[in-house]
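Participant: I'd like to ask some things about the structure below.
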Amino acid sequence: MQYDEIKESLQFNEKETNIFIPNEIFNDLQNNIKKSVHIPFAYSYYYLITWLYRYAKYGSISIDNKNIKEILGYNKDYKPIDYIIKKNGILDLMEYTITTKDFPIAWEVNDNYLNFSMLSDFDEETIKTIKETKSRKYTIKFPYKAFFRTKESEEDNYEDGTFYDVSNTHLVPFEVFMFCMSHKEIGCTGFYLWSYLKMQNQKFVNGYDVAMHQLAIDIGLPKMTMVDHLKALRQYNMLDVIHNQEYFCLLLDDGKRKANTYITNDFTSFNDSPKDYKKIKVVEAREYIDLIKEEAERNRMKYQEERIEISLDELPF
């Protein structure tokens, strides 16, 4: 779907941009979903249903899992991912979502507290009128982590979820979600990767340093899949990468490569179309060795010159 199509179908306005997602979701998804290719879909799905609930979209639009799959870049009848999102599916079992027939019709903030007007709060006639636009078996996903981060907090009736407490969360603007879903070369995987790096950028304000092989491990994706989507993120200027070494050699051990620094850009800086970006120079092993020798020699000469200057300064005249 195109950006404007997503925006129109979800009736988005600029006041509905902010959504906070729990940082633990990255580890939780990797620990519960065996097929790595499905992890970005699960993240993107949870993000979207959290947004739908937060801004009470179910009261104004009719949207179900088939519609959501299309927004996320899948055919509405694609079955292999249903085990994640169906009733008692993976996200339900993880206690990230609860399948329910009750949904928010409106929201408001009173005394800095977010309140929802639920379907079940209305009289029977109003409920019947609202349900006329839905199927008889219509259900939605309740974003459990948006209300409670643990079972203990639910038992204590302490709402510490991401709607109420943004500690240990990452903020992903909804414009970024729509942008990713409207570009098939980015999609769920690029959105998942950008969101992970955004989380790290919120922790490390000067950029997040990580080796590429370690980044692939941390997000639970095959390295080449990650590399392809890093390329797309850079082409659309969603991400800046600082190479902390001048050259890259394919034969160099991972442990001898310097980590890159990753900086996520704001939505307003994204490119409308893919553009070239500056890449690190890749050299053969022999050339790399020669370059290292030249650099070592330059450092040796510089050191000698500095020692001469120090010695002259130490002279008594």
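Readers should treat all values here as calculations from the given coordinates under stated rules, not as data from a laboratory. These numbers come from a predicted model, not from an experiment. Note that we place each Cβ from the backbone using ideal geometry, even for glycine, and neighbour counts take in every protein chain shown.
Participant: Sum -39500 (n - 2.57) across every DSSP H segment of at least 4 residues in the chain, then divide by the residue count to get the 222 nm mean residue ellipticity, nearest 500.
Facilitator: Value at 222 nm, helices only: -12500 deg cm²/dmol.
Participant: Placing one identical point scatterer on every Cα of the chain and ignoring solvent, what is log10 I(q)/I(0) from the Debye formula at q = 0.14, 0.16 Å⁻¹?
Facilitator: The computed values of log10 I(q)/I(0) come out as -1.12, -1.41.
Participant: Let me check I've understood the local charge: for Glu24, count other residues with C-beta under 9 angstrom from its C-beta, Lys and Arg +1, Asp and Glu -1. What total comes out?
Facilitator: +1
Participant: Highest first, please rank the peptides 47-57, 201-211, 63-73, 29-39 by the mean number of other Cβ atoms sitting within 10 Å of their residues.
Facilitator: 47-57, 63-73, 29-39, 201-211
Participant: Sticking with this structure for a sec: What number comes out for the charge environment of Thr189, summing +1 per Lys or Arg and -1 per Asp or Glu over other residues with Cβ under 14 Å away?
Facilitator: +2
Participant: Report the charge-dipole magnitude of segment 73-113 in Debye, nearest 20, computed about the Cα centre from +1 at each Lys and Arg Cβ and -1 at each Asp and Glu Cβ.
Facilitator: Approximately 340 debye in magnitude.
Participant: Right, another one. Let's see if you can work this out: charge +1 on each Lys and Arg Cβ, -1 on each Asp and Glu Cβ, no other charges. What is the dipole magnitude of the chain about its Cα centre, in debye to the nearest 20?
Facilitator: 1320 debye
Participant: Counting Lys and Arg as +1 and Asp and Glu as -1, each charge on the Cβ, what is the dipole of segment 3-171 about the Cα centre in debye, to the nearest 20?
Facilitator: The calculation lands at about 1000 debye.
Participant: If segment 3-171 were replaced by its equivalent ellipsoid, with semi-axes equal to the square roots of 5 times the Cα gyration tensor eigenvalues, what would those be, largest first, whole Å?
Facilitator: So the three semi-axes of segment 3-171 are 23, 21, 16 Å.
Participant: Further question: So how do 161-172, 262-273 stack up, highest first, on mean other-Cβ count within 10 Å?
Facilitator: 161-172, 262-273
Participant: May I pose another question? Over the chain, what is the relative contact order in percent, taking alpha-carbon pairs closer than 8 angstrom and at least six residues apart?
Facilitator: Dividing the mean separation by the residue count of the chain yields 17 percent.
Participant: Of Met238, Ser62, Phe122, whose Cα points farthest to the positive end of the dipole of the chain (charges on the beta-carbon: +1 Lys, Arg; -1 Asp, Glu; origin at the Cα centre)?
Facilitator: Farthest towards the positive end: Ser62.
Participant: Arranged from highest to lowest average of other beta-carbon atoms within 10 Å per residue, in what order do the peptides 143-152, 180-189 appear?
Facilitator: The peptides rank, most packed first, as 180-189, 143-152.
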